[in-house]
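The values are calculated or read from the model by the stated rules, or taken from the named source; none is laboratory data. Every value quoted in this text rests on a predicted model; they were computed, and no experiment measured them. Positions of Cβ are generated from backbone atoms using ideal geometry, with glycine treated the same way; all protein chains shown enter the neighbour counts. The protein model used for the area step is the full one, side chains on, heavy atoms only, and it has no ligands, DNA or RNA in it. Shrake-Rupley method; radii C 1.70, N 1.55, O 1.52, S 1.80 Å.
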Amino acid sequence: AVLGMGIGLWGQERYADEIFSGVTVTEDVVFSSNFGAADLAIDGNIFGANPWSGANLQHTQTESQPWWMLELGGQAELQAVKLYNRSNCCQNRMSNFYVFVSETPLNPNESIEELKTAATAYEYVAGKMGSMGSYSFAGNTARYVLVKLTERNPLHMAEVEVYGCLSGARPPAH
């Protein structure tokens, strides 16, 4: 099940405030000081259309290999990472990118080759993603999720959902 902020748990139910204390998101250069903030990719809205009207879309400026990173607040046994593209236009920008997961902090400004070595696992998406992409990371433990384009473009996502179980998590007593 997916619970608030775009982070889901697999195999058990937990209260959102227990799961998400300590979650942080960062991104390359934000679209503007008022619009496109990194945390809009974990607001629960999979239909983000644009960074300025209603502020419902994570969006960077046009940069060389822009990135977005999530720190889960603890190690998680992953199942999958699901990305939702911008819903109103420009979906072709979400192409030729990597999704990295790692147990240790990643430096998003490192080269793709350095990140491939440092990450626990990664998926490369060649070509256009479309409206949604789901990437399996079953069997991997991670604390960090990094999305990085390989080209010069803005990076924008409506939502990022991480499926897994926080290490050591126990279902709440009823």
note = Counting only residues that are open to solvent by 20 Å² or more (accessible area, probe 1.4 Å) and assigned to a strand (DSSP E or B), the range 53-79 contains a total of 9
G164 small (G, A, S), surrounded by 13 or more Cβ atoms within 10 Å (Cβ to Cβ) and in contact (Cβ under 8 Å) with a residue 60 or more places away in the chain = yes
task = Tell me which residues, restricted to the range 88-109, are surrounded by fewer than 18 Cβ atoms within 10 Å (Cβ to Cβ) and closer than 23 Å to A55 by Cβ.
result = N88, C89, C90, Q91, N92
Filter result for L146 (among the aliphatic types (A, V, I, L, M), in contact with a strand residue (DSSP E or B) (Cβ under 8 Å, 6 or more places away or on another chain), open to solvent by less than 40 Å² (accessible area, probe 1.4 Å) and at pLDDT below 95) = no
inquiry  = Under 6 Å between Cβ atoms, which residue pairs at least 6 apart in sequence (or on different chains) link something in the range 115-139 that is under 17 Å from Y163 (Cβ atoms) with a partner that is open to solvent by 30 Å² or more (accessible area, probe 1.4 Å) and not basic (K, R)?
reply    = T120/E103; T120/N140; A121/N140; M132/Y84; Y135/E123; A138/Q79
